[in-house]
Amino acid sequence: MAANLIKQIVVSGQRSPVAKTSLAKLYTGSLYEPDYLQTGKSRIPLLSTINVQIKGYDYPILESYQAFVHKLADIIGIDVENGWPLPPEEFKIQRYKTGTNKISSEFHLKIYERNTQMSEVSSLKCSVLIRALEAALPQGVTLKVDVFDPALEEKRYVPDKELLDLQTSLDTLKTKKK
């Protein structure tokens with residue numbers, strides 16, 4: 001009886017062209033790997049970690065734009081791993097009178113910088129994020145989206161002056177002892 005049932009299944013499988021196509025659609029693996037290894041992988045490429053860097057002269061505008069970046073990432077479904085400010089860069093700009101070397105005016109400018117680190121971003125979500133951030137970019141703010149660089153994170157830590165002084169004094173004592 002079991003052999004008769006198997007023949008019926010095979011025969012019904014041969015008659016129905018739909019059954020062949022559905023079986024072909026279910027098979028997605030390669031010849032040497034089983035299908036269950038491919039189930040957890042995404043078909044859309046993922047970017048490991050990206051960094052959204054914004055710079056500007058106006059501190060309140062930069063802070064509100066960084067809050068907007070965080071909210072937009074949450075709405076789109078992107079994980080924000082970390083966000084940090086960097087100390088401002090200070091510039092002194094002098095304007096001279098024409099034909100002389102007398103200063104007519106002097107300006108002190110600060111450029112503020114904020115970084116937001118996002119992880120496991122799909123390429124589709126990244127393109128939507130970049131387009132939305134460009135559309136909402138305020139005047140005077142520059143936006144840079146790049147792959148995360150660990151050297152950038154090292155810039156945020158301020159070195160301890162006392163510790164560095166102790167290290168140099170220890171190094172001089174070692175050289176004198178030799």
Exercise. Output the residue which, of all residues in the stretch 119-144 that are over 11 Å from the mean Cα position of the chain (by Cα) and among the basic types (K, R), is farthest from I75 (Cα to Cα).
Key: R131
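Any residue at all in the stretch 152-164 that is assigned to a strand (DSSP E or B), without any contact (Cβ under 8 Å) to a residue 24 or more places away in the chain and over 14 Å from V52 (Cβ atoms)?
Within the stretch 152-164, the subset assigned to a strand (DSSP E or B) is none.
Within the stretch 152-164, none of the residues are assigned to a strand (DSSP E or B), without any contact (Cβ under 8 Å) to a residue 24 or more places away in the chain and over 14 Å from V52 (Cβ atoms).
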Quiz prompt | Those residues of the stretch 145-167 which are modelled with pLDDT of 80 or more, surrounded by 10 or more Cβ atoms within 10 Å (Cβ to Cβ) and either more than 19 Å from I76 (Cα to Cα) or aliphatic (A, V, I, L, M) (or both), in sequence order | solution = V145, F148, D149, L164, D165, L166, Q167
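So, of the residues in the stretch 124-136 that are open to solvent by 60 Å² or more (accessible area, probe 1.4 Å) and either assigned to a loop (DSSP other than H, G, I, E, B) or in contact (Cβ under 8 Å) with a residue 12 or more places away in the chain (or both), which turns out to be farthest from Q66 (Cα to Cα)?
Taking the stretch 124-136 as the starting set, the residues that turn out to be open to solvent by 60 Å² or more (accessible area, probe 1.4 Å) are 124-125, 128, 131, 134-135.
Then keep just the ones that are either assigned to a loop (DSSP other than H, G, I, E, B) or in contact (Cβ under 8 Å) with a residue 12 or more places away in the chain (or both); that gives 124-125, 128.
Working: L124: 21, K125: 18, V128: 17 Å.
Ranking the qualifying residues of the stretch 124-136, first place goes to L124.
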Practice problem: Within the stretch 56-75, track down each residue that is open to solvent by less than 40 Å² (accessible area, probe 1.4 Å) and not polar (S, T, N, Q). | Solution: G56, L62, Y65, V69, L72, A73
Self-check item: Output for the stretch 43-56, where each listed residue is under 19 Å from L129 (Cα atoms) and either at pLDDT below 65 or outside any strand (DSSP E or B) (or both)
Solution: I44, P45
Quiz item: Taking the stretch 89-123 on its own, how many of its residues are open to solvent by 40 Å² or more (accessible area, probe 1.4 Å), touching a residue at least 24 places away in the same chain (Cβ under 8 Å) and either small (G, A, S) or in contact with a Pro (Cβ under 6 Å, 6 or more places away or on another chain) (or both)?
Solution: 3
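The values are calculated or read from the model by the stated rules, or taken from the named source; none is laboratory data. For clarity, every value in this text was computed on a predicted model and none was experimentally measured. Every residue, glycine among them, receives a Cβ derived from its backbone with ideal geometry; neighbour counts consider all protein chains shown. These area figures cover heavy atoms from the full protein model, side chains too; ligands, DNA and RNA do not enter into them. Shrake-Rupley method; radii C 1.70, N 1.55, O 1.52, S 1.80 Å.
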